[in-house]
Amino acid sequence: MSLPPVGRVVRTARLLLSPVQWRDMDEMAALKGDAGAFGLMLGGVRSRVQAEAEMADDLAFWARRGVGIFTVREENRFLGMTGMHERPDGRGLSLRFALFPSARGRGIAREAAGAALRFAHDAGEARVIAVAREDNFASRTTLGGIGMTVAARFERDGYPMLVYESVQEGVGR
């Protein structure tokens with residue numbers, strides 16, 4: 001039996017990553033509704049209703065897999081999100097991250113995404129992927145910076161996409 005998400009807080013040098021909860025809904029809806037934060041994500045900017053449906057999915061995913069989406073905070077200020085979800089295209093467990101534009105340029109994405117990736121591997125996930133548009137150099141830099149490598153390419157909606165992966169040998173799933 002996995003721990004409930006509440007017991008899965010991750011601390012880094014600057015950040016607090018906490019599993020999403022319903023109390024985070026307003027902040028998550030604002031993030032997912034921000035084109036600067038979510039415009040390049042799979043599915044793009046979300047409405048409040050879409051963000052609420054994703055929150056329900058995220059909470060269920062935590063319960064089912066023992067990994068999931070974290071909020072990212074610095075000095076109690078909400079900056080964005082990172083963590084794991086199951087890709088809807090069947091490619092597997094995937095790392096995602098999104099920050100408000102005001103939080104960029106200080107290594108926050110690398111620190112948060114790296115902590116989420118380590119958490120997933122420590123939780124027994126042997127393989128984690130991440131997908132980025134080929135022209136999204138900020139995401140590609142973050143993914144490479146946390147040790148993920150390009151494993152495949154595909155096209156989505158006319159854009160070349162890169163599949164990054166991190167494989168931890170000797171880990172469970």
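Read-outs: derived from the displayed coordinates by stated rules, not from any lab. Please read these numbers as outputs of a predicted model, since none were measured by experiment. So basically every Cβ, Gly included, is an ideal-geometry build from the backbone, and we count neighbours across all protein chains shown.
Would you mind ranking 72, 163, 20 by Cβ crowding within 10 Å, fewest neighbours first?
The fewest-first ordering by Cβ neighbours comes to 163, 20, 72.
For the range 6-108, which trypsin sites (Lys or Arg not before Pro) are both in a DSSP coil and crowded by at most 16 other Cβ atoms within 10 Å?
Sites meeting the loop and neighbour criteria: 14, 91, 104, 106.
For every helix of n ≥ 4 consecutive DSSP H residues, a contribution of -39,500 (n - 2.57) applies; sum these over the chain, divide by its total residues, and give [θ] at 222 nm rounded to the nearest 500 deg cm²/dmol.
-9500 deg cm²/dmol
For the range 5-127, what are the per-bin percents of Cα-Cα distances with bins 5 Å wide, up to the bin holding the maximum?
That works out to 2, 12, 23, 27, 21, 12, 3, 0, in percent per bin.
Report the GluC sites (Glu not before Pro) located in the range 41-106 that are in a DSSP loop and have at most 15 other Cβ atoms inside 10 Å of their Cβ, or state none.
Those that pass, being in a loop and sparsely packed, are 75.
What ranking of 62, 22 emerges when the number of other C-beta atoms within 10 Å of each C-beta is taken as an exposure proxy, fewest first?
By the 10 Å Cβ count, ascending: 22, 62.
For the range 5-127, what's the relative contact order in percent, using C-alpha pairs closer than 8 Å and at least 6 residues apart?
Rounded, it is 24 percent for the range 5-127.
Please arrange 143, 95 by counting, for each residue, the other beta carbons lying within 10 Å of its beta carbon, fewest first.
Going from sparsest to densest Cβ surroundings: 95, 143.
What is the dipole size for the range 1-126, taken about its Cα centre, with +1 at each Lys and Arg Cβ and -1 at each Asp and Glu Cβ, in debye to the nearest 20?
280
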